[in-house]
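Enquirer: This structure is in structure tokens; I'll ask about it shortly.
A short reminder: the numbers here are calculations on the coordinates, not readings from a lab. Quick caveat, the model's predicted, so the values are computed rather than measured. Counting neighbours? That spans all protein chains shown, and the Cβs are built from the backbone with ideal geometry, glycine included.
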Amino acid sequence: MQTKVQEIRTAALEACSRASTVQELNQARVKFLGKKGELTLILRSMGQLPSEERPLFGKLVNEVRDELEQAIQGREQELAAAEEQERLLGESIDITLPGRRVARGTLHPVTQIINEAKSIFMEMGYEIVEGPEVEWDYYNFEALNIPPDHPARDMQDTFFITEELLLRSQTSPVQIHTMEKQQPPIRILAPGKVYRADSDVTHSPMFHQIEGLVVDKGITFADLKGTLQLFAERMFGPETKIRLRPSYFPFTEPSAEVDVSCIICKGTGCRVCSETGWLEILGAGMVDPRVLIKVGYDPEEVTGFAFGVGVERMAMLKYGINDIRLLFENDVRFLEQFTS
Amino acid sequence: MLVSYRWLQEYVDVPWGPQELAERLTMAGLEVEGIEPVAPGLDRVYVGLVEETVAHPHADKLKICSVDVGDQGRHSIVCGAPNVAMGQKVAVALPGASLPIGLEIASTIIREVPSAGMICSLAELGLGEDETGIWVLPADLIPGTPLVELFDLDDVVLDVSIYANRPDCMSMLGIAREVAALTGGRLRFPATDYEVLDTPITERTSVSVEDQTLCPRYTATLMEQIQMGESPLWMQFRLRAAGMRPINNVVDITNYVMLETGHPLHAFDFEKLAEQRVVVRPARPGETMITLDGESRSLTPEMLVICDARNPKCIAGVMGGLDSEVTESSTSILLEAASFSALSVRRTSRALGLSSESSARFEKGIDPHGTVFASQRATHLLQTYAHAKVFAGHIDQSAVGNQQTKIELKLQEIDRLLGVPVPGTTVVEILEALEFQVQETSEEGWVVTVPSHRGDVEIAADLIEEIVRIWGLENLPSTLPGNLVGTGGQSPRLNVMDHIREVLVGAGLQEAMSYSFGRSDNNERLLRDNQPMIEVQNPISEDLVALRHSLLPGLLTATSLNANRQQRRVAIFEVGATYLGKLPLTQQPKEECKVAIALWGLRSMPNWALTEENFDFYDLKGLLELMLPKASDLEWTTGTNSSLHPGRQGAVLYQGQHIAYYGEVHPAVARNFRIPGRAYVAEIDFEKILDLYDVTPVYQNLPRYPAMERDLAVIVDHNQSVGEMITKLYKLGGELLQEVTVFDLYIGKPIPDGKKSVAFSFRFQGDRTLTDDEINLIMDRCLQGLQKDFDAEIR
């Protein structure tokens, strides 16, 4: 009978490994281990054995049963895995098809430049302020040391609405509003729209400036230079250099035009910078004492610096845009390029 | 200001080449915008000697010239100029030359005779207007000499941009003075000597200045026996290099001296002045005068004119009159060197729409002390080049005092403004080089006297600018303002603006930016009451006139542009100001920020996995629902905006106040803006929704008990409002009802015509396990409510 058990074992193990589906394996399980299975039956016929052999035989059958159950379970897992694998392969899709398209929104490049500048200066403790676009002649010109008929008015072709009201031609009037309202120390940044009667590939009748103003005791021209150096590095990269050239603005004295090393050629000279290695991006200077007096500050007590940056110019340089008018045409093929 | 590099060297030593000079001037505040050759295109143009001329066998007007061009050989050239003659020195362009007027020279055959080059006129060389004949060169030139080596034709011109505060630099001497300050060199003044007749000028003429405010100084010089003619070639070339056209020796000399000294001069034909005297006075009402350019000008009493005993002969500082112009037949001239009020010249020039080299200088301010020097310099040249016999002395009517601007300057003040100490010796050196007089008052300070040509320098800060620009801005250190306690940041208003932009960009929209002013009929185009908009007085285009009342015209114009450029999807928004004010405008208008959205065309760009569908009303409404925070006092209601489709629009109220309208663009508006198909727009009053965003979310405990979900589908009349049904359901649902959503809307068979099927999904939740019975009760109540109020039938 022991031989018979061994035969059943061999046959069962073979059936188990031969089974190629879970179903076949189940049939084998029933055939050998089921209620009427061969091993069950042989255990039941144990009564035919002499009683002293029975414990040993019983042990043998149980060992074989355990072994077979384990083998079947192992085989079952193998088969299940193989079947799942086959099913999954049947579910293959073409992963080279493009993904389901999600519309991507974009901020206008002008907004992006303003946002960048805002965060740079907010970190330096500047407060962002706004001012009206329809402005009094007084704020746009007179308070900035540009009296009526001053030749400097020719520098800007202003849109007039009435004798006294105009579309501001610069963000500098925000300087005056701020200084009229509050006492030093002042540290503001005022981005906004400005208007000049001019239109070609580099001039738009509407564009944006970012005005900066710092007034306190002991503010110097060197502070202005350091501030703009830091701004240029943050805006255009740590390698960026700046260069100050003497210039003229009626409301700053001394005044400077500020160039940054060309962001295209890194200063070696290219078409964008007209081979000079430098790009003019902003005007700046020390607040003219006559302006400080107009707002009731004492120029003996406080000094200040101011600067004004052309946003479109920076956007055009940064993104390589060759016609300023593209910025306000709103062609979606243009707008969608400025993903950030 | 165009500055000839060679000419400049007459007044100052220039140790630098043109490039470096440009660099140095730029870094001292005189920006050089370009360097151009004075006479481009003269390669392969040489001096030639016409050795022989023979008549052309086939053409009466042509001659065959044998020209000796020195090293360049002997050339046979066919020439049609009437003045070509044997023995002349001429300018010959040889094959390969590419003349500035665009002419390429090659060996050709002219009427069967070979011709190897061209004998040129001044016009053909770009050096003058004369094209009547060839340019005959001085006889002493050597054949074969390249033309550019003569007459300074290899010179370059620097285009220097002069700021409005530096009229003193609108002259060669002014620029030379800057160079001298930069190099430490000395300025050389040009010759001003001449011989005079015994008769004093006062015996022949008089000058009467009636308004010394408008004309603080008038200096007249008189001369006779003038020999009119051309000015010397070198002078013509220099005028040309400076952008002026040579006319005759007298006019050229006045222009030359203006370029040299910065002081405009005017020469009158003395014989043509009635009673041979000069009166400077405001024009009389109704007076007219024909200016040099042949235009008749109507004069007003605000304009200053130079008259003879009767009529205006010159608009002071702007332009001379035609009938007193110096011509070929003039013999006596009265030379004017005056100082006119900058304001007056500026206003006159504006009023007449007439500007000139003279007015450009006067309106920025001319040194009144310079009249005599400029007169004497011009007289020297007039005697040299027009053989003028000069009456003794000048008539010099002057109200100009000798008061000088004196400014106190302290060393410590320089440090305070610049943030770096500049050595006292450097300060003195720089100021003196710029012709300021410096007098030391103590170890730490000076009194500085401003030279009369520097009217722009008034206070210590102006002096410090002079010092730092010559010293060099590159010497400034870079520091940061210390001592400022940081309070940086932006207002909640700006934060909300940024937030709304982010939300809309996140939803796949592109931010657009349109001009703040547009067509004056934009309200009409929007089918709105034609409430007048604020307009600019001096628009540059009829598309940019009226300050916008709404952002819609901008976005609709952009939609139209994209549609007409074959784009298939437009999903854009704009955040910007609108301008409302009562006309005529006496106050600043209200600038209110709006947010606007425009959708047109495809909801999503073609993609295999998405059905190709157009945007509709509910895309737009969804964006508004996303953008506007959920708030109980926000009311979504029907709209009555005339720009929108009457049956497809809505409005949003906040605390009872209108804050937004949205919907499909009225087809008539779409046609006005040339938009094909349906477009959807919304406009939100940004200013009125700010506090909607002033909310901090409060965390709600997550439910611990399972939710119960139920569906209910009903059939109602097509015109029943689903929104109102939802409101009703929330009311009936009680506090256990967490959410009602519409998960299906169906119109069509088997639903009867004029009806729609609406399927709601309910979610109930409580802080206990809910029972079917209690929920069934609520659902019954809901159904009854819909049946009662909306004639609903259960589906």
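Enquirer: Could you work out the relative contact order of the stretch A:126-240, using alpha carbon pairs under 8 angstrom and six or more residues apart, expressed as a whole percent?
Expert: Values: 161 pairs, mean separation 28.7, N = 115.
Rounded, it is 25 percent for the stretch A:126-240.
Enquirer: Sticking with this one: For every other residue with a beta carbon closer than 13 angstrom to the beta carbon of A:Arg243, add +1 if it is Lys or Arg and -1 if Asp or Glu, then tell me the sum. Present the calculation step by step, with values, prior to reporting the outcome.
Expert: Numbers: positive: A:Lys225, A:Lys241, A:Arg245; negative: A:Glu257, A:Asp259, A:Glu280, B:Glu23, B:Glu31, B:Glu474.
With Lys, Arg at +1 and Asp, Glu at -1, the neighbours total -3.
Enquirer: Just to be sure I understand: if I project the alpha-carbon convex hull of the stretch B:406-474 onto a plane and average over all orientations, what area do I get in nm²? Walk me through the intermediate numbers first.
Expert: Working: hull surface 16.4 nm².
Averaged projected hull area, Cα only: 4.1 nm².
Enquirer: Same structure, new question: Label points 7 Å out from Cα along the Cβ direction at B:Leu777 and B:His718: separation in nm?
Expert: 4.1 nm
Enquirer: Work out from phi, with θ = phi - 60° and the Karplus expression 6.51 cos²θ - 1.76 cosθ + 1.60, the ³J(HN,Hα) of each residue of the stretch B:347-352, listed in order in whole Hz, and give x for Gly and Pro.
Expert: Karplus values, whole Hz, x for Gly and Pro: 5, 5, 4, 5, 4, 8.
Enquirer: A follow-up question, please. Check each of the trypsin sites (Lys or Arg not before Pro) in the stretch A:1-78 and keep only those in coil by DSSP with at most 15 other C-beta atoms within 10 angstrom; list them in order. Please list the in-between numbers first.
Expert: Working: sites: A:Lys4, A:Arg9, A:Arg18, A:Arg29, A:Lys31, A:Lys35, A:Lys36, A:Arg44, A:Lys59, A:Arg65, A:Arg75; in loops: A:Lys35, A:Lys36.
Sparse-neighbourhood loop trypsin sites (Lys or Arg not before Pro): A:Lys35, A:Lys36.
Enquirer: Give the longest segment of chain B that steers clear of chymotrypsin sites (Phe, Trp or Tyr not before Pro) in DSSP loops with at most 12 neighbouring Cβ atoms within 10 Å, not counting the sites themselves.
Expert: Details: sites that count: B:Trp608, B:Tyr699.
Looking at chain B, B:1-607 is the longest stretch - no exposed chymotrypsin sites (Phe, Trp or Tyr not before Pro) with at most 12 other Cβ atoms within 10 Å.
Enquirer: Computed from the mean reciprocal separation of all distinct C-alpha pairs, what Kirkwood hydrodynamic radius does the stretch B:284-438 have, in Å?
Expert: On the way: mean 1/r = 0.0524 Å⁻¹.
Taking the inverse mean of 1/r over all distinct Cα pairs, the stretch B:284-438 comes out at 19.1 Å.
Enquirer: Provide a whole-number value for the mean count of partner chain Cβ atoms within 10 Å of the Cβ atoms in peptide B:587-600. Spell out each step's value before the answer.
Expert: On the way: counts 3, 8, 5, 2, 5, 0, 1, 0, 0, 0, 0, 1, 0, 0.
Across B:587-600, the average partner-chain Cβ count within 10 Å equals 2.
Enquirer: What's the whole-number percent of alpha carbon pairs in chain B lying beyond 43 angstrom? Let's see the in-between values first.
Expert: Values: 186082 of 315615 pairs.
Looking at chain B, the distances longer than 43 Å represent 59 percent of pairs.
Enquirer: Right, here's the next one. Amide H of A:Ile128: which non-local residues (sequence gap of 5 or more, or other chain) have their own amide H closer than 5 Å, using H built in the peptide plane?
Expert: Answer set, sorted by chain and number: A:Leu189, B:Gly489, B:Gln490, B:Ser491.
Enquirer: Give me a single rounded figure for A:214-221: the average over its residues of other chain Cβ atoms within 10 Å of their Cβ.
Expert: Details: counts 2, 1, 4, 2, 5, 7, 10, 11.
What the average comes to for A:214-221 is 5.
Enquirer: Each residue of the stretch B:385-401 in order: what ³J(HN,Hα) in whole Hz does its phi give by Karplus 6.51 cos²θ - 1.76 cosθ + 1.60, θ = phi - 60°, with x for Gly and Pro?
Expert: Values per residue, Gly and Pro as x: 10, 9, 6, 5, 9, 10, 6, 5, x, 10, 9, 10, 8, 9, 10, 8, x Hz.
Enquirer: Pairwise over distinct Cα atoms, reciprocal of the mean inverse distance: report the Kirkwood radius of the protein assembly as shown in Å, one decimal place.
Expert: Values: mean 1/r = 0.0264 Å⁻¹.
Result for the protein assembly as shown stands at 37.9 Å.
Enquirer: Here is a follow-up. Taking loop as defined by DSSP and a crowding limit of 12 other beta carbons within 10 Å, which GluC sites (Glu not before Pro) in the stretch B:676-745 fit? All intermediate terms of the calculation are to be shown ahead of the outcome.
Expert: Details: sites: B:Glu683, B:Glu687, B:Glu709, B:Glu724, B:Glu735, B:Glu739; in loops: B:Glu735.
Passing sites in the stretch B:676-745 are B:Glu735.
Enquirer: Let me ask something else. Short version: ³J(HN,Hα) in whole Hz for each residue of the stretch A:254-269, in order, from phi by Karplus 6.51 cos²θ - 1.76 cosθ + 1.60 (θ = phi - 60°), x for Gly and Pro, what are they?
Expert: The phi angles translate into x, 10, 8, 9, 10, 9, 10, 4, 3, 6, 8, 9, 6, x, 8, x Hz.
Enquirer: Something else now. Using only alpha carbon pairs under 8 Å that are at least six residues apart, calculate the relative contact order of chain B and give it in whole percent.
Expert: Working: 1573 pairs, mean separation 64.0, N = 795.
Relative contact order of chain B: 8 percent.
Enquirer: To continue, here is another question. Any idea what the dipole of the stretch B:300-420 comes to, in debye rounded to 20, about its Cα centre with Lys/Arg Cβ at +1 and Asp/Glu Cβ at -1? Don't skip to the end; give the middle numbers.
Expert: Details: 12 positive and 13 negative charges, 40 e Å.
For the stretch B:300-420, the charge dipole is close to 200 debye.
Enquirer: By the 4.7 Å beta carbon criterion, which cysteine residues of chain A come out unpaired?
Expert: Those would be A:Cys16, since no other cysteine Cβ in chain A comes under 4.7 Å of theirs.
Enquirer: Hey, another quick one. Going by amide H atoms built from the backbone, whose H comes under 5 Å of the H on B:Ser115, apart from near neighbours?
Expert: Result for B:Ser115 returns B:Thr108, B:Ile109, B:Ile110.
Enquirer: Projecting each Cα onto the charge dipole of the stretch A:2-90 (Lys/Arg +1, Asp/Glu -1 at the beta carbon, about the Cα centre), which of A:Gly58, A:Ser17, A:Gln27 comes out farthest on the positive side?
Expert: Looking along the dipole axis, the top candidate is A:Gly58.
Enquirer: Quick query: amide H of B:Thr578 versus all other amide H atoms, modeled in the peptide plane; which residues come in under 5 Å with a sequence gap of 5 or more or a different chain?
Expert: The answer is B:Glu592, B:Cys593, B:Lys594.
Enquirer: Other chains near B:161-171: what is the mean number of their Cβ atoms within 10 Å of each residue's Cβ? Show your work: numbers first, answer last.
Expert: Values: counts 1, 1, 9, 10, 8, 1, 1, 0, 0, 0, 0.
Across B:161-171, the average partner-chain Cβ count within 10 Å equals 3.
Enquirer: Can you list the GluC sites (Glu not before Pro) in the stretch B:278-346 that are in a DSSP coil and have 10 or fewer other beta carbons within 10 angstrom? The partial results should precede the final answer.
Expert: Values: sites: B:Glu287, B:Glu295, B:Glu302, B:Glu325, B:Glu328, B:Glu336; in loops: B:Glu287, B:Glu295, B:Glu302, B:Glu325, B:Glu328.
Listed in order of number, the matching sites are B:Glu328.
Enquirer: Under a Cβ-only charge scheme (Lys and Arg +1, Asp and Glu -1), can you give me the dipole magnitude of the protein assembly as shown about the Cα centre, in debye to the nearest 20? Don't skip to the answer; put the middle values down first.
Expert: Details: 105 positive and 161 negative charges, 776 e Å.
That gives the protein assembly as shown a dipole magnitude of about 3720 debye.
Enquirer: Another one. Considering Cα pairs under 8 angstrom that are at least six residues apart, work out the relative contact order of the stretch B:45-149 and quote it in whole percent.
Expert: Values: 250 pairs, mean separation 33.1, N = 105.
Answer for the stretch B:45-149 is 32 percent.
Enquirer: Also: Using +1 at the C-beta of Lys and Arg and -1 at the C-beta of Asp and Glu, which of B:His645, B:Pro697, B:Ile794 has the Cα lying farthest in the positive direction of the dipole of the stretch B:645-795?
Expert: Looking along the dipole axis, the top candidate is B:His645.
Enquirer: Now for a separate question. How do B:Leu547, B:Leu729, B:Leu197 rank when sorted from fewest to most other Cβ atoms within 10 Å of their own Cβ?
Expert: On the way: B:Leu547 25, B:Leu729 20, B:Leu197 15.
Taking fewest neighbouring Cβ atoms as first place, the list is B:Leu197, B:Leu729, B:Leu547.
Enquirer: Would you mind counting up the charge near B:Ala563? Only other residues with Cβ under 12 Å from its Cβ, with Lys and Arg at +1 and Asp and Glu at -1. Spell out each step's value before the answer.
Expert: On the way: positive: B:Arg565, B:Arg568, B:Arg569, B:Arg674, B:Arg678; negative: A:Asp331.
Result for the neighbourhood of B:Ala563: +4.
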